[in-house]
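Derivation of every value follows stated rules applied to the coordinates shown; laboratory data play no part. Note that the structure is a prediction, hence the values are computed from the model and not measured. Cβ coordinates were reconstructed from backbone atoms using ideal geometry, including for glycine residues, and neighbour counts include every protein chain displayed.
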Amino acid sequence: MPCRPTDPDSGRIDLPDIDTAPSLRDLLRSATRSAHDRVDALFGSCDLATPEGYTRFLTAQAAAWRTLAPVLDDGSRARLNGVEADLAALGVPMPPALDDVAKPEAGSLGMSYVLEGSRLGSTILLRDLAERAPELIERAGAYFTASTDLSGWKRLSTILQSQPRNDVSDAAVLADATATFDLFERAFHATARSVAHD
Ligand code: HEM
C-alpha cells in the first residue's frame, strides 16, 4: 500500500471565540488546525519518493483540483494544469471530479486561504523530493513546481491580517475554508480505490 493513513483527530473543527481571536488570519489558522492535521495525515502518509506513493498523492490532489476547476483563479489553475500534466506523464488517468460537493464561490477568501496556504507544505515537500527522488520531479514535477510561488499567499496573509473583523462575514470565510479542507479530505478517500495496489 503506497500510503498508510493514521487516524488523525476525528473531531470536528473547534471554533474559538470569534471576539478574542486577534485577526482573521489567526482565527483561520486556529479554527482549521484539526482539518489541516487530517489532510496532513492523509497526504503525508504517501511516500512521495516511490512511484506508487507519488501517484497516489497526485491522483487525490487531482480529484480535488478538478472539482474546484470552475472556481479557480489563474494561479490555482496552473496547479490543476500541472497535476494533469504529471498524471499524463506517469500514464495515470485523471480521476473524475467529486460529485455532490458544495464548492465555495470563485474569489472566496476562505477557499483562497486553504489553496494558497497549501503552497507552504508543497514547498517543503518539493525541497525534500528534489533530494530523495529527483527523477520523479524531473519526469512529473509540474504540480509541485507550480505550487511553490508564495506571492499569492503573502498577499492574502496581509489582507487577512488587516481585514476588519465581523462575526457574520468571518463565519462565512471559516465555512468556506472548512469546506475546502473537507473537499481535499474527501478527494483522498474517493480516489483510494482507483489507485489501490493491494
Ligand atoms: C503532505 C501533506 C501536508 C504537509 C506535510 C503540510 C505541511 C504544512 C506546513 C509545514 C505548513 C506550515 C508552513 C509554515 O508555517 O511555514 C502548512 C501550512 C498550511 N497548509 Fe499544509 N501540509 C500538507 C497538506 C496540506 C493540504 C492538503 C492543504 C489544503 C488543501 C494544506 C493547507 C495548508 C494551509 C492553509 C496552511 C497555512 C496554515 C496557516 O499558517 O494559517 N496543507 N502545511
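Quick notes on this one:
- For the chain, adding -39500 (n - 2.57) for each run of n ≥ 4 DSSP H residues and dividing by the number of residues yields -20500 deg cm²/dmol at 222 nm.
- Each Lys or Arg adds one and each Asp or Glu takes one away; over the other residues whose Cβ falls under 14 Å from the Cβ of residue 146, this sums to -3.
- Separation of alpha-carbon centers, the stretch 96-111 and the stretch 132-180, rounded to whole Å: 14
- Cβ-defined net charge surrounding residue 133, 15 Å radius [Lys, Arg +1; Asp, Glu -1]: -3
- Within the stretch 149-198, the proportion of Cα pairs with more than 12 Å between them is 75 percent.
- Judged by the mean number of other Cβ atoms found within 10 Å, the most tightly packed of the peptides 69-76, 182-189 leads the ranking 182-189, 69-76.
- By the Stokes-Einstein formula, at 0.692 mPa s and 37 °C, the stretch 24-190 with its Kirkwood radius over alpha-carbon pairs has D equal to 203 µm²/s.
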